[in-house]
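Student: My questions all concern the structure below.
We did not get these values from a lab; they are worked out from the coordinates using the rules stated. Owing to the predicted nature of the structure, the values given are computational and were not obtained by experimental measurement. Neighbour counts run over all protein chains shown; Cβ positions are idealised from the backbone, glycine included.
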Amino acid sequence: MSGRAIEINGRKVWILESGNGAPLLYLHGFADVHSVKESWLPFHEQLAQHARVIAPAHPGCAQTDENKDVDVIEDVVFHYLEVLDALNLTQFDLIGSCVGGWIAAELAVRHPEKIRKLVLIGASGLFVQGALIGDIFMMAQPEYGSSYATLREMLFCSADHPMALEMFPDGKGELEDEVRRYQMLRLSSRIGFKPPYFYNHSLRNRLHRITSPTLVIWGGKDNFVPRSHGETYAKLIPNCSELKIIPGAGHSAQVENPEETAKSMMDFLAK
Amino acid sequence: MKPVQLFCWHFMAYPYLAKDFDEKEYSGWVTVPNRLWDNAKARGLYQEYIDQLVYADELGFDGMVLNEHHQNIYGLMPSPNLIAAALTQNTSRGKIIILGNLLPLHLNPMRVAEEYAMLDQMSHGRLVAGFAPGGGPETFNYDVPSANTREKFWEAADLIVRSWTEDGPFAHEGRYFPLRYVNLWPKPLQKPFPPVWIPGSRSPSTMTEVAKRGYCYFLSSRSHGGETHRAQQEFAAVLEKHGDKYHPFRFGILMSTYVAETDQQAREECEEGVWYFLKNCLKGHLRREGRQLTYGPGVPYIPAAAWREYLKGYTPGRKLLGDVENWEELEASQSIIVGSPETVTRRIQSLIEKAKVGNLLIQFQLGNMPDHLARKSMKLFAEKVAPALRQGSLKQFNEEYPGMNFEQSAAALH
């Protein structure tokens with residue numbers, strides 16, 4: 001694994017990279033590298049055995065500079081178009097989790113030709129009537145002085161999942177983990193706090209533009225982005241093979257069940 | 001030279017909660033179920049509260065203080081300007097301090113500029129214009145994205161003051177509130193413009209922005225241990241850095257008090273209202289119980305580097321004001337000062353001496369405190385506490401700040 005900073009338009013972007021093979025761009029979510037952890041989780045390591053995994057930190061996350069001009073998802077999409085140019089990535093596999101999945105879908109509808117294969121894991125981004133995406137900001141406010149149980153419950157199958165407890169402990173966690181969590185919430189507040197809440201109303205009617213083979217993965221018990229969002233992605237993306245449910249997992253399937261999630265993904269990418 | 005300014009602050013709490021509210025309900029803020037609102041009981045409540053403020057004016061307080069809150073039982077003033085309008089018609093001497101309108105919650109800051117200008121005219125120049133960014137709960141009330149709250153706030157505040165001082169029409173080419181035609185009718189009465197007060201909780205950036213503009217800094221903390229004195233010193237240092245000088249009327253604090261004939265009687269009379277306030281009104285705001293919305297990573301309005309510094313000194317699960325378990329702990333918090341006129345005078349006097357503060361914003365009505373007790377306490381304060389505080393502070397300020405001009409310095413603007 002190596003970390004490095006590249007510069008786009010005068011702003012620093014922090015990137016982790018690992019493995020050899022076809023380029024695979026990974027866009028992170030909340031319980032993830034860059035948004036909690038400094039380095040790879042087991043899921044990323046498994047991917048890196050088969051591909052060149054490239055994971056940039058979103059604007060304002062980890063060591064990527066904050067961009068105060070980010071108001072809407074479109075601003076993040078343009079940020080990533082510049083990252084792709086700087087990395088000279090013209091054709092690549094794209095995997096996004098949660099907010100990262102939203103960004104991935106937005107990139108795919110604009111530049112379907114750049115994406116070889118697309119994987120969305122618990123992706124936000126869609127408006128689905130009657131299935132509001134959860135309020136992660138309120139859950140991130142402490143209960144009973146120091147409990148983050150409801151935050152863990154939103155991001156995982158249960159508040160007691162070992163990875164949930166490691167990444168979002170009660171009280172005060174490891175300082176830099178806490179700062180990264182805060183940075184991810186701060187970026188998210190720019191694009192997902194004010195209505196639209198983590199969605200772009202226009203995205204749904206653009207999904208037909210995606211040409212790449214697509215796999216949608218959802219935790220069987222996602223308490224943050226309801227499963228009907230996964231069903232909607234799977235239905236409206238023309239070349240989507242299936243909505244793969246990881247039984248027992250919550251919103252962070254790749255963290256809760258890295259083996260099965262990585263295997264589904266590798267099988268799909270190798271096909 | 002003037003003595004300490006004593007203002008009467010009313011929060012207008014919802015006083016009709018059942019005794020088991022704390023046991024049954026998760027929060028007093030944002031999500032507190034509004035089925036608890038009782039129309040039969042609440043009829044006439046606003047009038048009772050307005051009349052208490054009018055009484056403060058009659059008793060010779062230097063002014064009345066209002067503020068803005070939404071969706072809670074702590075303060076029933078989503079629009080303090082409506083209450084202020086009523087006060088312009090029912091009072092004649094005291095300042096009307098609105099602390100403040102929550103600027104990022106307004107679609108267009110010109111609405112605040114206009115309403116404040118109206119209030120300044122309607123009150124014959126008695127308005128003190130407070131601007132506040134709103135805290136955690138308000139972020140959730142109106143879905144204000146936290147990351148740019150502060151920038152939006154200062155753009156709005158500057159636009160409002162510019163609209164009061166510069167001839168229109170002019171175009172405002174702002175990042176958040178671009179407007180083609182800024183042309184205020186009416187203009188405010190006070191020149192160059194009404195005094196501006198800004199609340200803060202010791203953040204260096206807020207102090208700096210306030211200092212740059214020559215405004216009054218109001219410490220929004222409810223507890224007054226060593227922190228109040230430190231805040232004063234920090235603000236004084238920031239002012240020095242900007243070529244300005246501290247004086248007591250650049251600074252204000254919020255405190256609560258209850259005065260009765262004796263210490264014992266004071267405690268007995270106010271205790272129910274005090275506990276109602278601490279356990280119900282502060283639940284969701286300054287209590288660990290339930291979910292505390294005021295500070296936390298879910299309202300990420302300060303930059304990440306500042307958050308890192310904050311975390312270094314942060315103790316998870318620490319006691320907040322509403323977590324005090326007994327009267328002794330409450331006394332130690334220096335938040336609600338209860339006692340005979342002598343006790344209250346001595347304790348507030350010592351606070352003024354240490355914190356060198358010229359604006360005391362005092363809450364008398366606490367929680368579900370009945371009207372007659374709130375009034376009795378206000379009257380005793382006005383007659384038996386205020387004169388000594390005025391006399392003592394005048395002497396102190398004369399010695400410590402000889403020859404200071406205490407008016408708002410217009411030159412410091414921009």
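Student: For B:K191, go through the aspartates and glutamates and keep the ones whose alpha-carbon is under 13 Å away, minus same-chain ones fewer than eight residues off.
Tutor: Within reach: B:D120, B:E166, B:E407.
Student: Pairs of lysines 8 or more apart, or on different chains, with alpha carbons under 16 Å: count those in chain A, would you?
Tutor: Total qualifying Lys-Lys pairs in chain A comes to 11.
Student: What is the spin-label model distance, in nm, from A:L175 to B:A305 if the labels are put 7 Å beyond Cα along the C-beta direction?
Tutor: Spacing of the two 7 Å Cα→Cβ label points: 1.5 nm.
Student: When only Cα pairs under 8 Å and 6 or more residues apart are kept, what is the percent relative contact order across chain B?
Tutor: Working: 748 pairs, mean separation 90.5, N = 414.
Contact order relative to length: 22 percent.
Student: May I ask for the distance between the Cα centers of region A:238-254 and region B:1-77, given as a whole number of Å?
Tutor: 50
Student: Taking the Cα centre of region A:100-202 as origin, sum charge times position over the Cβ atoms of Lys and Arg (+1) and Asp and Glu (-1), and report the length of that vector in debye to the nearest 20.
Tutor: Values: 11 positive and 12 negative charges, 132 e Å.
Roughly 640 debye, rounded to the nearest 20.
Student: While we're here: Using Cα pairs closer than 8 Å and at least 6 residues apart in sequence, work out the relative contact order for region B:1-81, in percent.
Tutor: Details: 88 pairs, mean separation 39.3, N = 81.
Averaging sequence separation for qualifying contacts and normalising by length gives 49 percent for region B:1-81.
Student: Report, in whole Å, the centroid distance computed from the Cα atoms of region A:91-143 and region B:156-192.
Tutor: Centre-to-centre distance over Cα atoms comes out at 41 Å.
Student: Right, here's the next one. Where nothing but the Cβ of Lys and Arg (+1) and of Asp and Glu (-1) is charged, how large is the charge dipole of region B:205-330 around its Cα centre, in debye to the nearest 20? If you can, show how the numbers build up before the last one.
Tutor: On the way: 17 positive and 17 negative charges, 182 e Å.
Magnitude of the dipole: close to 880 debye.
Student: Still on this model: Return the loop-located trypsin sites (Lys or Arg not before Pro) in region B:278-361 (DSSP other than H, G, I, E, B) with at most 15 other Cβ atoms within 10 Å of their own Cβ; answer none if there are none. List each step's numbers first, then the result.
Tutor: On the way: sites: B:K279, B:K283, B:R287, B:R288, B:R291, B:R308, B:K312, B:R318, B:K319, B:R346, B:R347, B:K354, B:K356; in loops: B:K283, B:R287, B:R288, B:R318, B:K319, B:K356.
Counting only loop positions with at most 15 other Cβ atoms within 10 Å, the trypsin sites (Lys or Arg not before Pro) in region B:278-361 are B:R318, B:K319.
Student: OK, next. What percent do you get for the relative contact order of chain A when only Cα pairs under 8 Å and 6+ apart count? It would help to have the intermediate numbers written out before the result.
Tutor: On the way: 570 pairs, mean separation 55.9, N = 271.
Once divided by the residue count of chain A, the mean separation gives 21 percent.
Student: Excluding residues on the same chain fewer than 8 positions from B:K384, give the lysines whose Cα lies under 23 Å from its Cα.
Tutor: The reachable lysines, counting only those whose Cα sits under 23 Å from B:K384, are B:K2, B:K95, B:K354, B:K356, B:K376, B:K395.
Student: Output ³J(HN,Hα) for region B:205-213: one whole-Hz value per residue in order, computed from phi by the Karplus curve 6.51 cos²θ - 1.76 cosθ + 1.60 with θ = phi - 60°, and x for Gly and Pro.
Tutor: Taking θ as phi minus 60°, the curve returns 5, 5, 4, 5, 5, 5, 4, 4, 9 Hz for region B:205-213.
Student: Counting only DSSP beta bridges with both residues in chain A, what percent are antiparallel, rounded to the nearest 5? The partial results should precede the final answer.
Tutor: Numbers: 12 of 36 bridges.
That works out to approximately 35 percent antiparallel.
Student: Okay, next question. So what is the calculated 222 nm ellipticity per residue for the protein assembly as shown, using -39500 (n - 2.57) for each DSSP H run with n of 4 or more, over all residues, to the nearest 500 deg cm²/dmol?
Tutor: Details: 25 runs with 262 residues, N = 685.
Mean residue ellipticity at 222 nm (helix-derived): -11500 deg cm²/dmol.
Student: Dipole size in debye (nearest 20) for chain B around its Cα centre, Lys and Arg Cβ +1, Asp and Glu Cβ -1?
Tutor: Details: 45 positive and 47 negative charges, 142 e Å.
Value, rounded to 20: 680 debye.
Student: Two decimals is fine: what's Rg over Rh for region B:249-329, C-alpha atoms, Kirkwood radius as Rh?
Tutor: Numbers: Rg = 16.6 Å, Rh = 15.4 Å.
Answer for region B:249-329: 1.08.
Student: In region B:128-174, which chymotrypsin sites (Phe, Trp or Tyr not before Pro) fall in coil by DSSP and have 13 or fewer other Cβ atoms within 10 Å?
Tutor: On the way: sites: B:F131, B:F140, B:Y142, B:F153, B:W154, B:W164, B:F170; in loops: none.
Passing both the DSSP loop test and the Cβ count: no residue.
Student: On to the next question. Which lysines, if any, have their Cα less than 24 Å from the Cα of B:K24, not counting same-chain residues under 8 positions apart?
Tutor: Excluding near neighbours in sequence, the set is B:K41, B:K279, B:K283, B:K319.
Student: Give me the distance between the Cα centres of region B:287-306 and region B:224-263, rounded to whole Å.
Tutor: 24
Student: If you don't mind, there's one more thing I want to ask. Modelled label-to-label distance, B:N34 and B:K312, 7 Å Cα→beta-carbon offset: nm?
Tutor: 4.4
Student: To check you understand DSSP bridge types, tell me what percent of the beta bridges within chain B (both residues inside) are antiparallel, rounded to 5. It would help to have the intermediate numbers written out before the result.
Tutor: Details: 3 of 38 bridges.
Of those bridges, close to 10 percent are antiparallel.
Student: Right, next: Measuring from label point to label point, each 7 Å out along Cα→Cβ, what is the B:A171 to B:E325 span in nm?
Tutor: 6.4
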